[in-house]
Amino acid sequence: SKDLLGLEHLEPDEINLILDMAKDMKKIVQSNMKRVNYLQGRSVITLFYENSTRTRVSFELAAKYMGAHAVNVSVSTSSVAKGETLIDTGKTLDVMGSDIVVIRHSQPGAPHLLAKHINASVINAGDGMHEHPTQALLDMFTMQEAKGGLEGLTVAIIGDIMHSRVARSNIIGLGKMGAKVRVFAPATLLPIGIENMGCQICSSLEEAISDADVIMGLRIQKERLKKALIPSTEEYARFFGLDVHHLAAAKKDVLVMHPGPVNRGVEMTSLLIDSDQSKINEQVTNGVAVRMALLYLLAGREEH
Ligand code: CP
């Protein structure tokens, strides 16, 4: 397909292809040179209408490591601020010769709309509360690398599930790959229809974590919350926050993950974030490898 808009429409074989290719790309990320010519002559534009550190920088580095021209559009200082529509901005980037546009937007479906109107490939780097497919791919890569496979794993996702596009993409992706997903969330932060998403809804942290292979914490997304629904930071930390003592109920070799950015002491204690079982830094490194694989699959040169 021309675009990567979500995991909803990917087949397990396609997910495996991306994860396999990311293994080779990780060797490049960890090499001294960090330079191959798989994307020489290609242009990759990052167009982020919402804040980002990890996703934006890793796409830019992934493009540069493969020899592409990488350009970031600073939305707040672009002509978006003068009222230009998403489609017009996309078409403008298109006619400048962009091969791939990586977009993050607060509106669910914005990448899909853009993809319909431009020739360049579009990658969804997070659309509102909908999907964050490249995050889920790097999460699955991290789990597969540490555990040897995804089938049969039990993954507990804890916290603000409703506003989390990361949770949604992981529930979809992990389900397709044969893993079991459990969720535990404040009652007001479970999305409508969660019972039809193929995951187990737990009524306590202990139930979610028991014998888990992976525990994933989530940031409370205050920017998307209606004030009345927000548990206080103290409540969230007390009832949904994770600490090292919680690991006792999980499998001995449990992985602790978080998509970042983390609010230390809220969804996870510093002790847990910096523990040996934490894969949070590895997730970030793997994000570059997975995004290299995606850029290559969408626009890589045949001959290099
Ligand atoms: N996980 C994630 O998407 O992080 P950023 O918001 O920093 O890109």
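Rule-based calculations on the coordinates, nothing more; no lab input. Everything numeric in this text was worked out from a predicted model, so none of it was measured. As a convention, Cβ positions derive from the backbone with ideal geometry for all residues, glycine included, and neighbour counts pool all protein chains shown.
Overview of values
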read-out: Angle between the chain longest axis and helix 165-176 axis [Cα atoms, degrees, rounded to 10]; value: 80
read-out: Radius, Kirkwood style, for the stretch 135-195 when every pair of distinct Cα atoms is counted (Å); value: 11.8
read-out: Label-point separation, Gln40 to Asn196 (7 Å along Cα→Cβ), nm; value: 5.1
read-out: Debye intensity ratio I(q)/I(0), log10, the chain, q values 0.07 Å⁻¹ (C-alpha model); value: -0.26
read-out: Eligible lysines near Lys82 by straight Cα distance, threshold 21 Å, same-chain separation 8 or greater; value: Lys91
read-out: Sorted by Cβ neighbour density within 10 Å, fewest at the top, the residues Thr142, Thr85, Thr92; value: Thr85, Thr92, Thr142
read-out: Nearest 10 degrees, 0 to 90: helix 86-95 Cα axis against the chain principal axis; value: 40
read-out: Neighbour cut-off at most 13 other Cβ (10 Å), DSSP loop, GluC sites (Glu not before Pro), the stretch 209-304; value: Glu302, Glu303
read-out: Cα-Cα P(r), the stretch 133-280, percent of pairs per 10 Å interval; value: 12, 47, 36, 5, 0
read-out: Rg over Rh [alpha-carbon atoms, Kirkwood Rh] for the stretch 223-304; value: 1.15
read-out: Under 25 Å from Lys26, Cα to Cα: lysines that are on another chain or at least 8 residues apart; value: Lys2, Lys34, Lys64, Lys147, Lys176, Lys279
read-out: The chain: angle of helix 280-299 to the longest principal axis, Cα-based, in degrees nearest 10; value: 30
read-out: Cut-off of 10 Å, at most 16 other beta carbons, DSSP loop: longest stretch of the chain lacking such trypsin sites (Lys or Arg not before Pro); value: 36-225
read-out: The chain - mean residue ellipticity at 222 nm from DSSP helices (-39,500 (n - 2.57) per run, n ≥ 4, rounded to 500); value: -11000 deg cm²/dmol
read-out: Pairwise label distance in nanometres, Phe239 with His69, each label 7 Å out on the Cα-Cβ vector; value: 5.4
read-out: Residue-count net charge about Ile209 - beta-carbon cut-off 12 Å; Lys, Arg +1, Asp, Glu -1; value: -3
read-out: Neighbour-count order for Ser203, Ser79, fewest beta carbons within 10 angstrom listed first; value: Ser203, Ser79
read-out: For the stretch 1-67: Kirkwood Rh in Å [reciprocal of mean 1/r, alpha carbons]; value: 13.8
read-out: Proximal aspartates and glutamates to Lys116, defined as alpha-carbon separation beneath 13 angstrom and excluding residues fewer than eight positions away on the same chain; value: Asp3, Asp88, Asp94
